[in-house]
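Chemist: I have a structure here, written as C-alpha cells, and I will follow up with some questions on it.
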C-alpha cells in the first residue's frame with residue numbers, strides 16, 4: 001500500500017535474459033509493491049519456464065493469456081506485441097495504481113516509486129504518467145535540451161518517438177547507458193532528473209514505463225478497441241477523451257534496448273546488459289535487511 005492505494009506492477013513478460021534483471025530490481029521494492037503481474041507473452045519454452053519459476057515467489061503472479069482472445073506471435077506470423085493490450089482487463093481495481101514495466105527495464109532508481117506515485121496521486125487530471133525513461137527517444141530529446149546528454153554522439157532533433165538517433169542509433173544508446181551507469185556509480189543519478197513535460201493530446205509515446213489509476217481503466221473495463229496498445233493508450237483514447245499524458249522527470253528507470261537497430265549491438269557487442277545485471281544483484285543484496293524490516297511510507 002502507498003497513501004491508501006494498492007500498488008501493482010505489471011510486466012508483459014517474454015525474455016529470461018532481461019526479465020532476470022528486472023525481477024531483481026522489482027524485488028527491492030517489496031515494501032511498496034503489493035504484487036507484480038507477469039503477463040505470459042512468449043512462445044519460447046525456456047522463457048515460459050523461467051516466468052513460471054518466478055511465479056513461485058509470492059511477489060509475482062503469472063497471468064495467462066486471456067481466454068477467447070486471438071493469439072499473435074511467430075506461430076501465426078504476427079507481432080507478439082499485439083497481445084499485450086488484451087491483458088488490461090487485469091488492471092481495473094479502483095483502489096489500485098498500476099505501474100507498467102517493459103521486461104527490459106534494467107534499472108529502477110531508489111526514489112522512483114515514491115516520486116512517480118506521489119506525482120500520480122497529486123495530479124489526477126493526467127491519464128498516464130510516464131517515468132523518466134532512460135533510452136527513450138522523446139526523453140533523450142528533453143535530456144539534451146536540458147544539457148544532461150551532450151551532442152557529441154548524436155543529436156535528437158525533436159520529440160519524436162522514432163527519431164533515428166534516439167530510437168535507431170545503437171552507438172548513441174551505448175553512450176547514454178555508459179553515462180547513466182557512471183552516474184549510478186557516483187551516486188549522482190539525480191543529475192539526470194528533468195522537468196515534468198506534459199505531452200500534447202494524442203502525442204504518441206513509447207510505453208516502456210508508466211502508471212495509471214485502476215479506476216480510470218475501469219471506465220472502459222480495460223478493453224482496448226485497437227490491437228496496438230501504444231497507439232491506443234497514447235493516441236486514440238486521449239484524443240477521444242481530450243486527456244493529456246505527462247512525463248514525471250524525477251522518476252528514473254533505464255530501458256535497455258529500443259529499436260531492432262539497437263538490440264543486436266547492445267546485447268551482443270557490448271557489456272551493457274551484463275553491467276546492469278551485476279548492478280541489480282548488488283542493489284538487491286545491499287537492500288536485504290530493508291526488505292525484511294522497512295516499508296516505504
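The values are calculated or read from the model by the stated rules, or taken from the named source; none is laboratory data. No experiment lies behind these values; they were computed from the predicted model shown. Note that each Cβ is placed from the backbone with ideal geometry, even for glycine, and that neighbours are counted across all protein chains shown.
Chemist: Any residue in segment 207-230 that's free of Cβ contacts under 8 Å to residues at least 40 places away in the same chain and at negative phi: show its pairings with residues that are surrounded by 14 or more Cβ atoms within 10 Å (Cβ to Cβ) and part of a loop (DSSP other than H, G, I, E, B) at Cβ separation under 8 Å, as long as the two are six or more apart or on different chains.
Modeler: Pairs found: 230/204; 230/205; 230/206; 230/207.
Chemist: Check 219, 188, 158 and return the single one that is out of contact with any strand residue (DSSP E or B) (no Cβ under 9 Å at 6 or more places or on another chain), within 22 Å of residue 273 (Cα to Cα) and at pLDDT 95 or above.
Modeler: Numbers: 219 fails: within 22 Å of residue 273 (Cα to Cα); 158 fails: within 22 Å of residue 273 (Cα to Cα).
Only one candidate passes the filter, namely 188.
Chemist: Only one of (1) in a helix (DSSP H, G or I); (2) free of Cβ contacts under 8 Å to residues at least 24 places away in the same chain; (3) more than 23 Å from residue 276 (Cβ to Cβ) is not met by residue 121, so which one is it?
Modeler: Every condition holds for residue 121 apart from (2).
Chemist: Out of segment 70-95, which residues are closer than 24 Å to residue 213 by Cβ and assigned to a loop (DSSP other than H, G, I, E, B)?
Modeler: 91, 92, 93, 94, 95
Chemist: Exactly one condition in (1) modelled with pLDDT of 95 or more; (2) touching a helix residue (DSSP H, G or I) at 6+ places or on another chain (Cβ under 9 Å); (3) crowded, with 16+ Cβ neighbours inside 10 Å; (4) within 30 Å of residue 141 (Cβ to Cβ) is not met by residue 269; state its number.
Modeler: The one condition residue 269 does not meet is (3).
Chemist: Of all the residues that make up segment 161-194, how many are farther than 21 Å from residue 100 by Cα, touching a helix residue (DSSP H, G or I) at 6+ places or on another chain (Cβ under 8 Å) and not in a helix (DSSP H, G or I)?
Modeler: So the count comes out to 5.
Chemist: Within 15 Å of the chain's Cα centre (by Cα), in contact (Cβ under 8 Å) with a residue 12 or more places away in the chain and buried (at least 16 other Cβ atoms within 10 Å of the Cβ): is that true of residue 234 in this structure?
Modeler: Numbers: within 15 Å of the chain's Cα centre (by Cα): yes; in contact (Cβ under 8 Å) with a residue 12 or more places away in the chain: yes; buried (at least 16 other Cβ atoms within 10 Å of the Cβ): yes.
Taking the combined requirement at face value, the residue satisfies it.
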